[in-house]
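Nothing in this text is a laboratory measurement; each read-out follows from the coordinates by a stated rule. This structure is a prediction, so every number in the text was calculated from the model and none was measured. All Cβ positions, even for glycine, are placed from backbone atoms using ideal geometry, and neighbour counts span all protein chains on display.
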Amino acid sequence: MIFNNFIKYGLISKIFHWYIAFIILTILLIGNLSEHLSGKIYDVSMVLHNSLRILIFLLVFLRLFWRWSTKIPKKIVTHKFFNYLSNLSFFIFYFGMIFAPITGYLLMNIEGNNISFFGYELPQFIDQNRDFEILSHQIHGIMGDLLLYTFLLHILATGYHHWIRKDDSFKRIKFE
């Protein structure tokens, strides 16, 4: 089944979900480990980190377009509080997937570093400005933390649904 229906997600939604999850996990891992790297390894990790975050930025809009143009399976949980948390985490994920790459791009501009997307140089929108370097680093770090904590809560919620409630939430998004 390629398309979603009201019961489960289709192949395209599943590919978006798992591919973006893998990229976010990779970006967060590289971003956190990069503080402990130096030299050529640091440079390569930053090129990969920057390229993947730009890829996420592009994919999130494709994913939103897909989400708005196809059916969405009905929520399994009908409790208002859990639906509120689900909607809130959806908002935080998309907010983070849009603004973390933007803040990272601006951070690279402010630091005066070149930005490449898998080897293709991208334009700078802001001139180097060391006065805003610490602030932009903090904002980008907060965006990364926001994504990380929401990602972890999403995994916990998945476990809750799968092992405690024993409902079909996870089965609807996993590949079969």
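Annotations for the structure displayed:
- Environment charge at Asn113 (Cβ cut-off 14 Å; Lys +1, Arg +1, Asp -1, Glu -1): -3
- Pairwise label distance in nanometres, Leu156 with Tyr19, each label 7 Å out on the Cα-Cβ vector: 3.0
- Here is how the number arises for the chain: DSSP H runs of 4 or more residues each give -39500 (n - 2.57), the sum is divided by the residue count, and the result at 222 nm is -23500 deg cm²/dmol.
- Here Rg and Dmax of the Cα atoms in Å was calculated from the structure, and among (i) 15.3, 48; (ii) 18.1, 53; (iii) 18.7, 66 it sits at label (ii).
- Amide proton proximity set for Phe117, modelled H, under 5 Å, gap of 5+: Leu122
- The range 1-91, dipole about Cα centre (Lys/Arg Cβ +1, Asp/Glu Cβ -1), debye to the nearest 20: 580
- Couplings 3J(HN,Hα) of the range 102-116, computed from phi: 5, 5, x, 4, 5, 4, 4, 4, 4, 6, x, 8, 6, 10, 10 Hz, in residue order, whole Hz [Karplus 6.51 cos²θ - 1.76 cosθ + 1.60, θ = phi - 60°; x for Gly and Pro].
- Assuming charge only on the beta carbon of Lys and Arg (+1) and of Asp and Glu (-1), the dipole of the chain about its Cα centre is about 1320 debye to the nearest 20.
- For the range 11-173, the number of Lys pairs separated by eight or more positions or lying on different chains, with C-alpha atoms closer than 17 Å, is 8.
- Integer Hz, Karplus 6.51/-1.76/1.60 couplings in order for the range 56-68, x for Gly and Pro: 4, 4, 6, 5, 5, 6, 5, 5, 5, 4, 4, 4, 7
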